[in-house]
Amino acid sequence: METEVHEAAGAAGHAGQAVGMPQLNFDYWPNQIFWLLVTLVAIYFLLTRVALPRIGAVLAERRGTITNDLAAAEELKQKAVLAEKAYNEALAKARAEAQAIVAETRAAIQAELDEATAKADAEISAKSAESEARIAEIRAGALQSVTEVAKDTAEALVAALGGKSDPAGVDAAVAARMKG
Amino acid sequence: METEAEHTGLAIHPMDQFIVKKLFCHTESTAPMNECTTNIHWYDITNVTMWMAIAVLVIAAILVLGTRRRAIVPSRSQSVAELLYGFIHNMVEEVTGHEGVKYFPYVMTLFLFVLCGNVLGLLPLSFTTTSHMAVTVPLALMVFVGVTALGFMKNGPGFLKMFWVTSAPLAIRPVLAVIEVISYFVRPVSHSIRLAGNMMAGHAVIKVIAGFASIVVVSPVVVGAVTAIYALELLVAVVQAYVFTILTCVYLRDAVGDAHH
């Protein structure tokens with residue numbers, strides 16, 4: 001076994017048992033370099049044929065999707081702004097219309113009211129004229145009655161006082177008093 | 001015999017984890033260096049092969065299996081894949097500019113290999129492929145040679161203007177040129193040693209500290225220390241993958257990016 005070890009160590013270029021730095025054992029180099037090249041070529045083909053195009057495509061697709069979505073969102077936002085504008089316009093228009101209707105209605109009511117007032121005024125003045133006529137008539141009637149009552153009273157007083165009644169004199173006296 | 005002495009005492013073999021072994025090889029020997037760990041030919045199937053294959057499978061699981069539904073609203077696994085993709089894609093675009101984006105698959109390959117190698121290496125009993133200079137040096141050389149060749153193909157001899165710092169006074173430009181050239185050629189060295197050194201040191205330290213766990217008095221401290229260092233190593237594994245990749249991008253910028261330096 002000892003000889004074997006020494007042979008092996010000798011073949012590895014080292015004296016005795018020491019391993020030393022295997023990194024500096026140049027017997028290993030051809031093997032390592034060969035497999036390194038094989039590995040690098042394998043990784044390179046794995047990357048260029050499959051992995052990198054695929055990941056690149058996925059990333060590009062995602063970027064595209066995000067851009068499209070942002071554009072769509074922008075468009076929708078524009079639409080929303082337009083819709084809001086239209087809504088505000090419609091609201092303003094409706095308000096104006098409502099105000100117009102209110103004014104119109106107010107004017108109509110005012111006109112009706114004015115007409116009714118005028119009619120009522122006319123009626124009132126007609127009625128008061130009539131009333132005044134009747135009052136005048138009544139007043140005239142009353143004056144007549146007062147004259148008659150005064151005449152009768154005067155005649156009765158004259159008769160009671162034992163005098164001879166003189167209708168003409170009584171009339172004249174009453175007339176004179178009524179005027180006064 | 002030396003072997004017996006080591007097995008009876010405090011046996012700490014921090015470097016044994018880095019030994020390359022043939023798979024499908026049986027040995028009676030208990031020594032770290034035996035017939036399964038020596039005379040390894042370039043075509044032998046070893047633990048390097050296995051852990052690199054596992055890295056490929058993990059990458060496939062994350063990037064291919066995770067994205068199989070191609071959902072607009074991603075699942076968790078798809079998010080991870082997209083996160084990795086976006087992270088490296090942004091890094092390449094930001095560091096090298098728009099021109100460099102076509103080298104993104106290469107950078108992504110390097111990043112995923114290093115990341116998986118580093119993180120898988122943290123599994124207990126695993127083999128850390130990126131702790132070997134045999135792996136990181138070819139990686140760094142590929143970047144170095146690739147960037148240099150690309151620089152000359154894109155800019156022609158104008159690529160050499162990179163070493164001639166026009167913003168400096170004329171007198172010191174030759175000196176700066178020498179320094180620039182040296183620093184340019186040191187790049188692959190630092191690029192590869194940084195990664196392998198970080199990985200190797202961390203794993204060796206964990207192993208050394210864990211070796212003391214057989215001493216009863218200190219074992220609670222050891223468990224705590226190993227846990228803390230493990231957390232640190234997890235961070236180091238990710239950060240070193242990031243550093244390796246961003247340096248690759250920085251070097252790439254010299255070749256494809258704007259001429260100003």
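Before moving on, here are some points about what is shown:
- Local charge for B:Ala71 was computed over the other residues whose Cβ lies under 13 Å away, with Lys and Arg +1 and Asp and Glu -1, and equals +4.
- Å² per residue, accessible surface of segment A:117-158 at 1.4 Å: 80
- Taking the Cα centre of chain B as reference, the dipole from Cβ charges on Lys and Arg (+1) and Asp and Glu (-1) amounts to some 860 debye.
- Accessible area (Å², 1.4 Å probe, nearest 10) - A:Glu148: 100
- About the Cα centre, charge dipole magnitude for chain A (Lys/Arg +1, Asp/Glu -1 at Cβ), debye: 300
- Averaged per residue, segment B:26-172 has 48 square angstrom of accessible surface, using a 1.4 angstrom probe with ligands and nucleic acids left out.
- In a DSSP loop and with at most 16 other Cβ atoms within 10 Å, the trypsin sites (Lys or Arg not before Pro) in segment B:1-96 are B:Arg68, B:Arg69, B:Arg70.
- Within the full protein context, the accessible area of A:Leu157 is estimated at about 100 Å² for a probe radius of 1.4 Å.
- Legend: distances between Cα atoms for B:Lys22/B:Lys207; A:Lys77/B:Lys102; B:Lys21/B:Lys102; pairs beyond 28 Å are A:Lys77/B:Lys102; B:Lys21/B:Lys102.
- For B:Thr46, the amide hydrogen comes within under 5 Å of the amide hydrogens of B:Leu23, counting only partners 5 or more places away or on other chains and with H modelled in the peptide plane.
- Derived scalar couplings between HN and Hα for segment B:19-34 equal 6, 7, 10, 6, 7, 6, 9, 10, 9, 7, 5, 9, 6, x, 9, 9 Hz in order, rounded to whole Hz, by the Karplus curve 6.51 cos²θ - 1.76 cosθ + 1.60 (θ = phi - 60°), x for Gly and Pro.
- Charge tally for B:Thr37 (other residues, Cβ to Cβ under 10 Å; Lys, Arg +1; Asp, Glu -1): -1.
- For segment B:224-231, Karplus couplings with θ = phi - 60° (6.51, -1.76, 1.60), whole Hz, Gly/Pro x: x, 5, 5, 4, 5, 5, 4, 4
- Accessible surface of B:His41, taken over heavy atoms with a 1.4 Å probe and every protein chain present, rounds to 90 Å².
- Max mean-square fluctuation residue, GNM over chain B, Cα-Cα springs under 10 Å, options B:Met50, B:Met199, B:Met133: B:Met50
- Helix-derived mean residue ellipticity, 222 nm - over the protein assembly as shown, DSSP H n ≥ 4, -39500 (n - 2.57), to 500: -25000 deg cm²/dmol
- Globularity ratio of chain A, using Cα Rg and 2.2 N^0.38 Å: 4.29
- Projecting the Cα positions of A:Ala98, A:Ala42, A:Gln110 onto the charge dipole of segment A:2-179 (unit charges on Cβ atoms of Lys, Arg, Asp and Glu, taken about the Cα centre) puts A:Gln110 furthest along the positive direction.
- Most mobile of A:Gln23, A:Gln144, A:Gln78 in a GNM of chain A (Cα contacts under 10 Å): A:Gln23
- Dipole check for the protein assembly as shown: with +1 at the C-beta of Lys and Arg, -1 at the C-beta of Asp and Glu, and the Cα centre as origin, the magnitude is about 840 Debye.
- Ranking A:Leu70, A:Phe26, A:Leu52 by Cα position along the charge dipole of segment A:2-179, where only Lys, Arg, Asp and Glu carry charges on their C-beta atoms, puts A:Leu70 farthest toward the positive end.
- Interface B:A - total buried accessible surface [probe 1.4 Å, Å², rounded to 100]: 4800
- Rolling a 1.4 angstrom probe over segment B:134-220 with all protein chains present gives an accessible area of which 80% lies on carbon and sulfur atoms.
- Among residues other than A:Leu82 with Cβ under 12 Å from its Cβ, the summed charge is 0 (Lys and Arg +1, Asp and Glu -1).
- Largest GNM mean-square fluctuation among A:Ala92, A:Ala111, A:Ala150, using chain A with Cα springs under 10 Å: A:Ala150.
- Directionally averaged shadow of segment B:166-261, computed from the convex hull of its alpha-carbon atoms, nm²: 8.5
- Three-way shape label, segment B:76-176, alpha-carbon gyration tensor, a/c 1.5: prolate
- Taking the Cα atoms of segment B:61-256, the ratio Rg/Rh between the radius of gyration and the Kirkwood radius comes to 1.08.
- Accessible surface comparison of B:Phe24, B:Phe244, probe 1.4 Å, protein chains only, largest first: the order is B:Phe24, B:Phe244.
- Here's the list of lysines a cross-link from A:Lys179 could span, going by alpha-carbon distance under 21 Å and ignoring same-chain residues fewer than 8 apart: A:Lys151.
- For segment B:80-104, residues shielded by at least 30 square angstrom of accessible area compared with the chain on its own, probe 1.4 Å: B:Glu82, B:Tyr85
- 27 Å tail of the calculated P(r), the protein assembly as shown, as % of Cα pairs: 72
- Partnerless Cys - chain B, beta-carbon criterion under 4.7 Å: B:Cys116, B:Cys249
The values are calculated or read from the model by the stated rules, or taken from the named source; none is laboratory data. What you are looking at is a predicted structure, and each value in this text was computed from that prediction instead of being measured. Quick reminder, even Gly has a Cβ in these numbers, built from the backbone with ideal geometry, and neighbours come from all protein chains shown. These area figures cover heavy atoms from the full protein model, side chains too; ligands, DNA and RNA do not enter into them. Shrake-Rupley method; radii C 1.70, N 1.55, O 1.52, S 1.80 Å.
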